[in-house]
1. What number do you get for the chain when its Cα radius of gyration is normalised by 2.2 N^0.38 Å, N = residues?
2. Nearest 5 is fine: what % of DSSP beta bridges in the range 211-389 come out antiparallel, could you say?
3. Quote to one decimal, in nm, the extra length available between S189 and H390 on full extension: 0.36 nm per residue of separation minus the C-alpha distance between them.
4. Mean residue ellipticity at 222 nm from the helices of the chain, using -39,500 (n - 2.57) per DSSP H segment of n ≥ 4 over the full residue count, to the nearest 500 deg cm²/dmol?
5. So if I take the alpha carbon set of the range 115-191, get Rg, then get Rh from the Kirkwood formula, what is the Rg over Rh ratio?
6. Take peptides 611-622, 641-652 and line them up by average Cβ neighbours within 10 Å, highest first, as a rough protection proxy.
7. Relative to the longest principal axis of the chain, what angle (0 to 90°, nearest 10) does the C-alpha long axis of helix 349-359 take?
8. From the cross-link list K242/K308; K242/K694; K558/K689, which pairs have alpha carbons spaced over 32 Å apart?
Amino acid sequence: MEFVNVIVDISHEKLDRIFQYRVPPELKGRIRIGMQVNFPFGTGNRPMKGYVVGGADVPDYPSEKIKALTGIVPGSVPAESQLIALAAWMKETYGSTMNQALKTVLPVKQRIRQRQERKIVLTANRETAQCLLEECRRKHYRAKERLLEALLESREGHLDYDRSVKELKITSSVLQGFQEAGVLRVESSTRYRNPLEGRFSKQPRTIVLNQAQRLAADGIWNSYKKEGGRTYLLHGVTGSGKTEVYMELIDRVIREKKQAIVLIPEIALTFQTVGRFYERFGERVSVMHSRLSDGERYDQYLRAREGKIDVMIGPRSALFTPFLHIGIIIIDEEHESSYKSENVPRYDARETAIQRAGMCGAFVVLGSATPSTDSYYRARSGEYGYYRLHERIGEASLPQVPVVDLREELRAGNRSIFSRKLREAMEDRLRKHQQIMLFLNRRGLAGFVSCRSCGKAIRCPHCDVALSLHGDGRLRCHYCGYETEMPKVCPSCGSPYISGFRAGTQQIEREVQKVFPGARVLRMDYDTTRSKESYEKILTAFGKGQADVLVGTQMIVKGHDFPGVTLVGVLAADLSLYASDYRASERTFQLLTQAVGRAGRRDLPGEAVIQTYVPDHYSIQAASRQDYEGFYEQEILYRTLLGYPPVYSMLGIYLSCREEELLEEQAEKLGAYIRDLDVPGVSVIGPAKAALAKKNDIYRRVIYLKHQSEGTLLKIKQKLEKETEQETVWEEVHIQYDWNPLNVY
Ligand code: ADP
Ligand code: ZN
Ligand code: ZN
């Protein structure tokens with residue numbers, strides 16, 4: 001590195017200004033991204049400090065104009081440097097400006113006033129204080145007497161400043177007199193807000209790991225000790241004790257004076273889990289999430305930086321906790337889509353965690369009952385270590401899972417939301433006063449069209465994903481832009497019953513009340529959970545048995561343990577199959593497996609009824625058997641045949657512009673440019689109109705690239721970035737990059 005790019009002061013919101021300096025001979029080979037360095041700045045050559053955010057061998061300016069660095073700021077590499085280095089990696093990998101990347105990893109630098117806490121501390125020994133008290137009594141110094149009495153009586157040897165001044169009516173001159181005489185001291189300290197304080201008990205249950213848990217914990221730990229920071233996949237059904245394994249590993253990490261980050265998909269849904277961490281690790285645990293106030297969030301950032309906590313729990317942004325010595329990063333429910341950012345830089349928290357762990361020798365544990373095809377593929381290839389917990393803790397047996405064919409129901413004249421089988425089962429549970437969950441799978445409802453007689457959805461002949469029905473009555477593929485007229489009858493079986501699906505949770509709630517008039521029903525969906533505590537309220541009420549039936553979307557199938565539930569009804573199991581992207585089957589399998597796993601967790605045996613139009617689909621069959629490997633074998637075959645991730649790498653290039661013509665022209669040009677590069681093995685799909693072809697008056701187009709090697713696509717992306725940096729037209733047409741896109745754009 002001959003030259004370095006530095007940013008001067010990240011606290012002044014001047015994040016986007018980058019300055020270039022020369023690396024002098026004495027510093028050659030020692031400069032790394034993220035380091036804090038000294039240099040002369042501005043016309044007056046003021047000495048300044050800044051962070052290295054990049055390097056170059058060729059300068060961007062005439063080299064005689066570039067000043068030299070003066071030194072490296074001594075001391076350990078602070079947490080912020082690590083985060084800046086991470087931002088530099090994110091910028092390169094995911095494509096964004098340095099500014100956007102820095103804003104992602106560093107919190108808003110706006111200063112939020114700390115709460116100060118002042119206390120009066122007795123510094124004289126008790127005997128001296130006692131003598132002094134008697135003297136004050138003799139001399140009738142009442143205020144001094146009251147203060148000394150209170151101090152001597154206080155158990156901790158100190159008093160709260162504000163309260164004492166008010167209640168004991170003490171003036172500052174009294175305090176000052178004593179302070180000068182060395183009797184007491186006024187101390188002030190920052191009071192941090194701890195969002196968990198007082199919400200849980202601190203009574204850890206003593207749990208002895210079972211054999212499978214011990215094998216996993218010891219296996220991971222020994223491998224980490226031997227080989228350093230690696231990534232491990234902990235695969236175990238819900239209730240198999242993964243969380244206990246996480247806590248065991250965290251315990252060992254803390255003993256080595258290192259810290260832990262625990263990512264969870266959605267804090268409101270995993271409240272019970274947070275409680276378990278707090279019970280075990282107490283005040284040294286904190287959470288970071290969007291429902292905290294700015295002040296609370298900033299405090300957690302400071303507490304972490306100052307070494308006041310060891311464990312940070314939160315959604316993907318908690319990955320950027322400024323810990324200095326991270327030992328472990330855990331990603332629970334690693335298959336969840338919330339780990340992928342939908343904002344630029346569109347980072348994947350799993351990859352970014354692995355990168356951050358690599359920077360400080362930490363290890364990463366990915367946990368899931370239904371690992372993403374991606375992670376399982378890497379575990380199979382040996383890239384990740386792999387540990388499996390096969391059994392649920394305790395007696396809990398796997399539920400019975402009948403699959404009901406809705407086409408049969410239609411043929412038998414049953415047009416109700418409930419199949420005959422589900423209805424019978426519901427009657428039975430209500431009679432026995434056991435609880436029921438009804439899960440409406442509404443994921444990926446993007447206007448697909450399917451046949452109610454044969455169950456087939458209309459698919460793209462080129463991409464094998466469901467086509468979407470648009471406002472103009474035409475069906476479109478969201479990857480390649482293929483279009484066709486909406487047919488009048490099913491292309492497979494000729495039935496006229498083809499349509500989208502339109503039942504909502506509210507409708508189901510009403511139907512339950514109609515069919516089972518006495519049943520108490522709770523509903524959980526985006527409408528009923530808008531306010532801050534509503535998730536918890538609904539779940540707590542249901543947990544306490546205040547309702548017989550809980551109706552909801554995917555949020556009810558995640559992370560909660562309801563021992564009273566013995567029946568789960570899955571309505572419209574196949575809806576998520578028609579999401580118009582290549583992960584549709586994977587998501588369906590995950591959702592159904594999770595839903596089924598909610599049934600019968602303790603002493604009562606459970607049952608889950610899956611209602612579907614495509615009972616033979618492998619994702620539904622495998623979910624009903626709780627057969628992960630069976631699902632994976634089919635799925636990886638499909639990904640291989642069609643060249644989708646993880647077998648191939650896929651890069652989405654999203655273009656947007658206010659002017660449609662200009663957009664089309666530029667999209668075509670870019671597409672042609674990529675094709676002209678003629679990189680062997682790269683397939684270029686598009687340009688095509690985006691799924692959302694226009695949003696807020698801005699037109700959108702997409703190009704997808706596929707190749708077996710991610711490195712090849714990364715090189716193409718860097719070429720494109722260079723190319724588009726130089727032409728001003730790209731200021732009007734915006735480009736975003738998205739690796740292995742989760743949702744269609
Ligand atoms: P997961 O994270 O895989 O869903 P948990 O760690 O939450 O599983 O475990 C499920 C339940 O079993 C929890 O209530 C937990 O306290 C309990 N549990 C876990 N491991 C043990 C063990 N070794 N002995 C007794 N109870 C356990
Ligand atoms: Zn049909
Ligand atoms: Zn297509």
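1. 1.13
2. Antiparallel bridges make up about 5 percent of those DSSP assigns within the range 211-389.
3. 67.4 nm
4. Counting only the DSSP helices, I get -10000 deg cm²/dmol.
5. 0.95
6. Result, highest mean first: 611-622, 641-652.
7. With rounding to tens, the tilt is 40 degrees.
8. Where the Cα-Cα span goes over 32 Å, the pairs concerned are K242/K694; K558/K689.
The values are calculated or read from the model by the stated rules, or taken from the named source; none is laboratory data. All of these numbers come straight from a predicted model, not from anything done at the bench. So basically every Cβ, Gly included, is an ideal-geometry build from the backbone, and we count neighbours across all protein chains shown. Note: accessible area is taken over every heavy atom of the protein model, side chains too, but ligands, DNA and RNA are not part of it. Shrake-Rupley method; radii C 1.70, N 1.55, O 1.52, S 1.80 Å.
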